[in-house]
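Below is one structure, written out as structure tokens; the observations come after it.
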Amino acid sequence: MAERLTRNLVAALRRDVIGLVLLALVGTLLALCLMAPWITSADPTQTDFANMLLPPSLAHPLGTDDFGRDVFARLLYGGQASLAIAVVAVLVVTAIGVTVGIAAGYFGGAVDIVLTKVIDVLLAFPRLVLAIAVAALMGGGMVPLIIAVSAVAWPPYARIIRAFTLQIRQEGYVLAARTMGTPAWKVLVHHVALNLIGPILVLAMLDLGNLILSISALSFLGLGVAPPQPEWGAMLNEGRAMMELAPWLVLAPGAAIFIVVLAANYFADVVRDSTEGRPVHGPRDWLRVGRRRGLPDAAAEPTVGTGHPLVAFDGVTVDVTDPRSPYFGRRILDGVSLTVRRGECVGLIGESGSGKSTLASLALGLTRSPLALTAGSVDLFGANTRDWRWDDWRDVRGRAVALVNQDPLSALNPVLKIREQIGEVMAVHSGASRTVIDDRVREVLNEVHLPPRVLDQYPHELSGGMRQRVVIAMGLVNRPSLLIADEPTTALDVSTQIRILDLLRELQSRYGLGLLFVSHDLRVVAQVADRVAILKGGRVTDQGTTEKIFTAPREPYTRALMAAIPGQRRLQDRVTGT
Amino acid sequence: MLSLQGVTKAFNGQHAISDVSFAVGAADIVGLVGVSGSGKSTIARSILGLERPDRGTIRWEGRPLADRAVRRLARREIQTVFQDPRSSINPRWTVRRILSEPLDNWYPRAGREDRAARLEALLRQVSLSPDLLARYPHELSTGQCQRLCVARALAPEPKLLVLDEPLSALDVSVQAQILKMLHDLHRATRLSYLVITHDFAVVRDICHRVVVLDAGRVVETGTVDDVLDRSTNDRTRSLLENVLPLPFAPPLAGRKDAG
């Protein structure tokens, strides 16, 4: 893990100019602080009232303060104290916070209750007041300072780590480790703690700035580093009174703290990304935002019947075009041609990685970096979509073309009632009044055979099948002409599957809906599709009416898929049990 | 080997399972079938010692699982393969480390060579290449992940494998490969399986006996042939009717050995 982290880190920094500049700045600052005695001959505590409040000059690169002490020397020696205390404090705080948080989150029960109460009480005190009290009780000095600062800083860490632990505890691999006989401490260290590195790093770095400032506040009150000794925070406070007279007194330590905190935060992000096993690819939607080109008529009035197919893919080829992607150059779809007409259900069968979801996303204009359409065309309602911009697509999505996803629970917002959930889809596309929308929502619920009481329920109160009906209702509310169903029944029970498939078939015949049904399950596709296309490795290997594909498959791959349908045959040579 | 007698468990006053009794013998493959919410997972969690039954006893090799010593033994001799292979392995670990975890637990004193030999043997049992040892889970296909989970479960040399919906996260052709692998493994090792599934088709393909579960109760127990083809129980029949029929009989269906 350490080896991969270093490798990722080096790779990330090589591409990152800002990161390198910050690294160089902090490195220089650190080196200067550590080598202070060799760099400046001035004594940071030597007062010289003849030379007080001198502006920066060759003799005093950062000027002198109100005691005539050299600010540059104080900055360097002060950095030693500030950074050492801050780093030690961050380590102590993280150690306490992580231990308490993981213990509370993993063991739960009484342990959790006691620890959470302690955290609550500590959080209720104002942080600085508590730190002052602790430091005053222990007397001034470095060690009491670290203890005082850490004692008040760990509760927020513990809180956040506890929440993350609760989440990781539910992960399959933690359950697997427990059933495998892995002892609790090993589960905690190997599975829970190591997966928390990302959030811990970010937390610690975010707090570094806070800690430096807390330290300075305590130093200012005489509870930390004793006054003649330099320390960044203390320097900031001393200089405050002379801000107008001698701004360099504040600017020097201020800039130093600024650089350290900025660099720490930036690195926290870089390191966190490097701990991820897979490349972190943010969607770059903003690149696609463009001015609207004006919609083709057919898309603007999707319900008007025309001779055009609803969607026509013609020789569609999609490649990974982003050179930063590890899959750069890979071909996802290779010359795929497929049409869906009004009132027709086309089944698209393919295994994971065959490109079926990519094809579905093309019909919604949701193909994005690192993927791009490199050849062929996608026609919606007879209009070529090549030049469509984001806003053009937005008019079509959810209105003329709707999508039903695999997982109904993640497709629904857990804090919205069903009424708002469905109404929102209609509201974004029409200026209709609330009563009109409400009427239509009731109507569409009836169309998917859900009782009106569902309106005021939340997603978690519904069963999986009911949730999928709600998602279908959201798709139907704007009366689309084309419905794309991407594995709509995979997450459901067999008996529920049958009812959802019946519903889709009924809607299709009643409203003349075109249906593109994407699935890996041949048994499901056989129930609904009029025609079937089989996708393998980005190519359509076989296409034809459902009956032909299922009764007289010609292609070897189609035959292999048919043979793989479970339940048709017994595995040979069964060993008979008792 | 494993037997459940009148096992009952309630959550918030509602019975998740009530009075469940069945047994799994040596070299036996038993299917536990039911729709979601029928109590399949609660039974699995009870067998794995993650839940404590309110009433009834679970016995392992004739001794009650409530006993600490028996539970420690069972923790080694009963291993599990979960539904979603991706989520049940730590995404930040290499294949080597994932497979080493159970070896560390059960063979802490194994030497370097012994361990390397074991790793290779485990991978061979599930037909994975030893080249994969340095890979991370996201570099494997879902089918390979599921094989890896099976290999991990085999590491402590268990006597019973609890397979919790081992196929439902997989593609059709991969399902067939994993089924075949499980079947070959059973022939080679005589390991017992408890296959938990909602899919009667899977039961027909691999199981010897089947336990049909409905609303937390066992409605029927018997051989696969008796239950799937000649059941007289109304609940079983209605559950069987929910199996997606193939509207067109594929010509390649090797039905000659069915029944």
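The values are calculated or read from the model by the stated rules, or taken from the named source; none is laboratory data. Note that this is a predicted model, so its numbers are computed, not measured. Cβ placement follows ideal geometry from the backbone for every residue including glycine, while neighbour counts extend to all protein chains displayed. Just so you know, the surface numbers come from the protein's heavy atoms only, side chains and all, with ligands and any DNA or RNA stripped out. Shrake-Rupley method; radii C 1.70, N 1.55, O 1.52, S 1.80 Å.
For the structure I just gave you, tell me whether residue A:198 is crowded, with 17+ Cβ neighbours inside 10 Å, at pLDDT below 80 and in contact with a Lys or Arg (Cβ under 8 Å, 6 or more places away or on another chain). It is true that residue A:198 is crowded, with 17+ Cβ neighbours inside 10 Å, at pLDDT below 80 and in contact with a Lys or Arg (Cβ under 8 Å, 6 or more places away or on another chain).
Checking each residue in the stretch A:19-45 for being open to solvent by less than 80 Å² (accessible area, probe 1.4 Å), of a type in the set (A, V, I, L, M) and outside any helix (DSSP H, G or I) picks out only A:42. You will find that of B:39, B:49, B:31, B:13, the residue that is in contact with a helix residue (DSSP H, G or I) (Cβ under 6 Å, 6 or more places away or on another chain) and at positive phi is B:49 and no other. Of the set (1) of a type in the set (Ser, Thr, Tyr); (2) open to solvent by less than 10 Å² (accessible area, probe 1.4 Å); (3) over 20 Å from residue B:3 (Cα atoms), all apply to residue B:193 but (3). Of all residues in the stretch B:122-136, those satisfying the criterion of being of a type outside the set (S, T, N, Q) and over 21 Å from the mean Cα position of the chain (by Cα) are B:130, B:131, B:132, B:133, B:134, B:135, B:136. Scanning the stretch A:169-190 for residues that are open to solvent by less than 20 Å² (accessible area, probe 1.4 Å) and closer than 23 Å to residue A:113 by Cα turns up A:174, A:187. Considering only residues in the stretch B:28-49 that are facing chain A (nearest Cβ under 9 Å) and surrounded by 24 or more Cβ atoms within 10 Å (Cβ to Cβ), the one that is nearest to residue B:212 (Cα to Cα) turns out to be B:30.
Of everything listed in (1) open to solvent by less than 50 Å² (accessible area, probe 1.4 Å); (2) within 10 Å of another protein chain (Cβ to nearest Cβ), the single unmet condition for residue B:91 is (1). The set of residues in the stretch A:492-508 being of a type outside the set (A, V, I, L, M, F, W, C) and modelled with pLDDT under 85 consists of A:493, A:495, A:496, A:497, A:499.
Considering the conditions (1) under 30 Å from residue B:172 (Cα atoms); (2) at pLDDT 85 or above; (3) buried (at least 23 other Cβ atoms within 10 Å of the Cβ), residue A:489 is excluded by exactly one of them, (2). For residue A:60, the conditions (1) touching a helix residue (DSSP H, G or I) at 6+ places or on another chain (Cβ under 9 Å); (2) in a helix (DSSP H, G or I) all hold with the exception of (2). The combined condition, being at pLDDT 90 or above, basic (Lys, Arg) and buried (at least 17 other Cβ atoms within 10 Å of the Cβ), is fulfilled by residue B:59. Condition (residue is in a helix (DSSP H, G or I), under 20 Å from residue B:78 (Cα atoms), more than 10 Å from every other protein chain (Cβ to nearest Cβ) and open to solvent by 10 Å² or more (accessible area, probe 1.4 Å)) applied to the stretch B:145-153: is it met by at least one residue? Among the residues of the stretch B:145-153, at least one is in a helix (DSSP H, G or I), under 20 Å from residue B:78 (Cα atoms), more than 10 Å from every other protein chain (Cβ to nearest Cβ) and open to solvent by 10 Å² or more (accessible area, probe 1.4 Å), which makes the answer yes.
Residues in the stretch B:204-221: is at least one of a type in the set (Ser, Thr, Tyr) and farther than 22 Å from residue A:492 by Cα?
Looking through the stretch B:204-221, at least one residue is of a type in the set (Ser, Thr, Tyr) and farther than 22 Å from residue A:492 by Cα.
Rundown of residues vs (1) buried (at least 21 other Cβ atoms within 10 Å of the Cβ); (2) at the interface with chain B (Cβ under 7 Å from one of its Cβ atoms); (3) outside any strand (DSSP E or B); (4) acidic (Asp, Glu), yes/no style:
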residue	(1), (2), (3), (4)
A:496	no, no, yes, no
A:500	yes, no, yes, no
A:509	no, no, yes, no
A:518	yes, no, no, no
A:543	no, no, no, no
A:553	yes, no, yes, no
A:559	no, yes, yes, no
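Consider the stretch B:71-88 and keep the residues that are surrounded by fewer than 19 Cβ atoms within 10 Å (Cβ to Cβ) and more than 28 Å from residue B:142 (Cα to Cα). The one that is nearest to the other protein chains (Cβ to nearest Cβ) is B:72. The condition (being within 14 Å of chain A (Cβ to nearest Cβ) and crowded, with 18+ Cβ neighbours inside 10 Å) is satisfied by just one residue among B:101, B:139: B:101.
Yes/no matrix, rows are residues, columns are (1) touching a Pro at 6+ places or on another chain (Cβ under 7 Å); (2) away from chain B (no Cβ under 14 Å):
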| position | (1), (2) |
| --- | --- |
| A:132 | no, yes |
| A:140 | no, yes |
| A:145 | no, yes |
| A:155 | no, yes |
| A:158 | no, yes |
| A:164 | yes, yes |
| A:169 | no, no |
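Let's see how each residue does on (1) among the small types (Gly, Ala, Ser); (2) modelled with pLDDT of 85 or more; (3) over 30 Å from residue B:105 (Cβ atoms):
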{"residue": "A:139", "(1), (2), (3)": "yes, no, yes"}
{"residue": "A:152", "(1), (2), (3)": "no, yes, yes"}
{"residue": "A:161", "(1), (2), (3)": "no, yes, no"}
{"residue": "A:170", "(1), (2), (3)": "no, no, no"}
{"residue": "A:174", "(1), (2), (3)": "no, yes, no"}
{"residue": "A:187", "(1), (2), (3)": "no, yes, no"}
{"residue": "A:212", "(1), (2), (3)": "no, no, yes"}
{"residue": "A:215", "(1), (2), (3)": "no, no, yes"}
{"residue": "A:218", "(1), (2), (3)": "no, no, yes"}
